[in-house]
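The values are calculated or read from the model by the stated rules, or taken from the named source; none is laboratory data. What you see is a predicted model, and the numbers here were worked out from it, not measured in a lab. FYI the Cβ positions are ideal-geometry reconstructions off the backbone, even for glycines, and counts take in every protein chain you see.
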Amino acid sequence: NDSGRRPRGALIAFEGGDRCGKTTQCSKIVEHLRSTGVDAVMWRFPDRSTSIGQSINAYLAEQSHMDDAVIHMLFVANRLEKRDEMLRLLAGGTTLVLDRYSYSGVAYTAAKGVPYLSMEYCKSLEVLLPAADLVVHMTMTPESMAARGGYGEERYEKVEFQSKVMAAFEALRDERWAVIDASGTIDDIHEQVTSIVEPVVRCAHNGCALGRLWD
Ligand code: FDM
């Protein structure tokens, strides 16, 4: 950084089906990064604290019904309402670890198979947002996810649907994705996550550019 600018933070998204351990791994990597002196924070999408987030929460808890296109756009809007703050934090050097992001947005809606909500259309609604420097895709079979505690409480937690979500995630993969077997132990997975995340944080600190979805 000879330009005198502060090194930017990295944008790292954790993706995968429900109950695969994303939240645990996000917390652990943020804690690890902080212990090594990296300024890092964890966010989750949907952000249920905003008024849009509360509508999303009611939908996920099956307390309300919405048209598939409308709920899709609420998920998008819930990211857009955080966009400025995201960009500000990254530019200020903070690494953001996201528990779900646009990739979930596209994969879950595309998995519904509604003809006018194609994967291409869903992708087009995300283009105002920055691309993650790294997507950590945690994979396990829908059957083993279903065997985990709490599964089935929310709208999308059904084995057949989760298989479609998995296929949609696979279709979105590119060279920025790392795939991790989520059926291992918490510590083994954390070790793998650490070895993948650290170089990406260094790259961001060294000035590699933040991309846009889906360039
Ligand atoms: N989800 C999440 C979507 O359908 N679209 C999105 O854009 C996002 C971010 O919401 F079933 C789904 C994925 C999951 C639910 O659950 C959120 P968690 O437990 O908060 O990750």
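Scanning the stretch 192-210 for residues that are surrounded by 12 or more Cβ atoms within 10 Å (Cβ to Cβ) and not aliphatic (A, V, I, L, M) returns GLN192, THR194, GLU198, ARG202, CYS203, HIS205, GLY207, CYS208. If only residues of the stretch 64-89 that are surrounded by fewer than 14 Cβ atoms within 10 Å (Cβ to Cβ) and touching a residue at least 12 places away in the same chain (Cβ under 8 Å) are counted, the one that is nearest to the ligand (Cβ to nearest atom) is ASP68. The number of residues in the stretch 169-201 that are outside any helix (DSSP H, G or I) and touching a residue at least 12 places away in the same chain (Cβ under 8 Å) comes to 9.
Kindly evaluate ASP174 against the criterion of being closer than 16 Å to GLU15 by Cα and among the acidic types (Asp, Glu). Against the criterion (closer than 16 Å to GLU15 by Cα and among the acidic types (Asp, Glu)), ASP174 qualifies. Restricting attention to the stretch 154-177, the residues that are more than 30 Å from GLN63 (Cα to Cα), surrounded by fewer than 18 Cβ atoms within 10 Å (Cβ to Cβ) and either at pLDDT below 95 or in contact with a helix residue (DSSP H, G or I) (Cβ under 8 Å, 6 or more places away or on another chain) (or both) add up to 1.
All of GLY211, GLY92, GLY149, GLY113 fail the test of being among the small types (Gly, Ala, Ser), away from the ligand (no atom under 12 Å from the Cβ) and at pLDDT below 95, apart from GLY149. For the stretch 56-63, the count of residues that are β-branched (Val, Ile, Thr), assigned to a loop (DSSP other than H, G, I, E, B) and crowded, with 18+ Cβ neighbours inside 10 Å is zero.
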